[in-house]
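Only the coordinates and a few stated rules stand behind these numbers; no lab work does. Everything numeric here is computed off the predicted structure, so don't read it as measured data. Reconstructed Cβ throughout: ideal geometry from the backbone, glycine too, with neighbour counts over all protein chains shown.
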Amino acid sequence: MKKPFFSIVIPAFNPGDNLKRLVGSLKQSTFKNFEVIVVDDGSTKPFPRPPLAKIIRLTKNHGPAVARNRGVKVAKGKFIVFLDSDVTVFPDTLKNLAHIYTNDPDIVAVTGVWVKEQQSKAFFPNFKALRDWSYWINERDKSGYYFLFSTRIASIKKSVFTRLHGFDEKYPAPLVEDIELTYRIARRYAIIFAPNVRVRHEFEGFWPIAKKYFLRAYYWTKLYQRRKKFDPVATTLAEALTTFSAVFVVLSVFIDP
């Protein structure tokens, strides 16, 4: 049997209908040579099991770093594609990604982008989506010399991922494990940014995102302590100020005036 070009690895913890929507969008892809591996990271609620996907069940929740590593272990493709369970792809997403690899055999890692359009009409999800998109499209080249390996949509040659020993499993939450892997990839390889490798991601409201930044502050501090410097990817000075601002916003809710 012909080996798949891509192995798409998706960690899932109580994904609800999101996973069904993602796999449905993959079925509409114009590029067909791929397999889908879903790692059920100890879900406590039932969810639809798409027939297109191979399901790996973990008995307890370990976090996405462990889940992605387990998925890669059984992957048969030459290239791994990491997707979060709450995104959807466009029909040309995989085709554009495959074109990058086939046109330049020296490329080993690619990161894509999420589009700015949101289904929600609420202010904050649209603001967050536009801000993130603008950061990638308009600002990144001004400040950074390598790109964040963002697992909403990122791809890497399997042999390189294995050589780097995958994600650091000491990080249990989906907060900085992709940033830490970015550092290790960038020491030896280029991470290519491909704006035509797109996904759609629906952002949450203000408070859920503020709480995530609150938790992320702890792990970003640990990363900074290991490196003793800010960098042009995610632990920039600007990101540090944003993150710690979120900490103070969340804390202020619990402080009486």
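Here are the numbers for this structure:
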| read-out | value |
| --- | --- |
| Nonlocal amide H pairs with W114, under 5 Å, H built at 1.01 Å | V199 |
| Within region 1-35: backbone nitrogen closer than 17 Å to the T44 label point (7 Å, Cα to C-beta) | 12-16 |
| Phi-based couplings in Hz for region 15-28 (Karplus 6.51, -1.76, 1.60; Gly and Pro marked x) | x, x, 8, 4, 5, 4, 5, 4, 5, x, 5, 5, 5, 8 |
| Full-extension gain in nm, N33 to I137, via 0.36 nm per residue minus C-alpha separation | 34.6 nm |
| FRET efficiency for K2 and K60, using Cβ-Cβ distance with R0 set to 41 Å, rounded to 0.05 | 0.70 |
| Label-point gap, in nm, between E169 and E117 - each point 7 angstrom along Cα→Cβ | 4.1 nm |
| Whole-Hz couplings from phi, Karplus 6.51/-1.76/1.60, listed for region 82-97; x for Gly and Pro | 9, 10, 6, 6, 9, 10, 10, 9, 8, x, 9, 4, 6, 4, 5, 5 |
